[in-house]
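Throughout, read-outs are computed from the coordinates displayed, never taken from laboratory work. Bear in mind the structure is a predicted one, so any value in this text is a computation, not a measurement. For neighbour counting, all protein chains shown are included, and Cβ atoms are generated from backbone atoms with ideal geometry for every residue, glycine included.
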Amino acid sequence: MWGRNKNQSPKAKAGAADTLISKEATIRGNVNFTGVLHIDGHVKGDITSDEFENSLLTIGQNGFIEGEINVPHIMIFGRVKGDVHALEHVEIMSDARIEGNVYYKLIEMAMGAEINGQMLRRDE
């Protein structure tokens, strides 16, 4: 009743985050989450999701990740220094900057986005 429906897609929750790391925050260490995580701060460590289908990571315009990301659904507006493993879908917005390889099943990339690394499609 109070929990999130397991079959609900992360897109249905876009705009509502279960966890928020604000732009004033700096985290040193790995982050493991379920649900929806929005990062506008600085994370030095890997980010991983326990849910293999429904989790969504949004990296805001002020967000900066230094580490590896392993999450099913990812939206990147900010910066990432490390490999990005989108287990399902990744959206890379026009101001996004990635220094590392991007592994994906489905990808959307806006004009102006920058990837300094390889883009590698994951097989089913």
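Odds and ends about this structure:
- Tally of Lys pairs whose C-alpha atoms are under 27 Å apart, taken over the chain, 8 or more apart or cross-chain: 14
- Remark on Asn30: its backbone amide H falls under 5 Å from those of Asp46, a criterion applied only to residues 5 or more positions apart or on other chains, H modelled at 1.01 Å from N.
- Other residues lying with their Cβ under 10 Å from the Cβ of Glu88 contribute a combined charge of +1, Lys and Arg counting +1, Asp and Glu -1.
- Residues whose amide H lies under 5 Å from that of Thr58, counting only those 5 or more places away or on a different chain, are Leu37, His38, Ile39, Met75; hydrogens are built 1.01 Å from N in the peptide plane.
- In order along region 84-96, the Karplus-derived 3J(HN,Hα) couplings, from 6.51 cos²θ - 1.76 cosθ + 1.60 at θ = phi - 60°, round to 10, 10, 8, 5, 10, 8, 10, 10, 10, 7, 4, 8, 5 Hz, and Gly and Pro are given as x.
- Diffusion of the chain by Stokes-Einstein, at 20 °C in a medium of 1.002 mPa s and with Rh set to the Kirkwood radius over alpha-carbon pairs, works out to 151 µm²/s.
- Phi angles of region 97-107 translate, via the Karplus equation with coefficients 6.51, -1.76, 1.60 and θ = phi - 60°, into HN-Hα couplings of 10, 10, 10, x, 7, 10, 9, 8, 9, 10, 9 Hz per residue; Gly and Pro are given as x.
- Amide H contacts of Ser49 (H built 1.01 Å from N, under 5 Å, at least 5 apart or other chain): Phe33, Asn70
- Taking Lys and Arg as +1 and Asp and Glu as -1, the other residues whose beta-carbon sits under 11 Å from that of Gly60 total 0.
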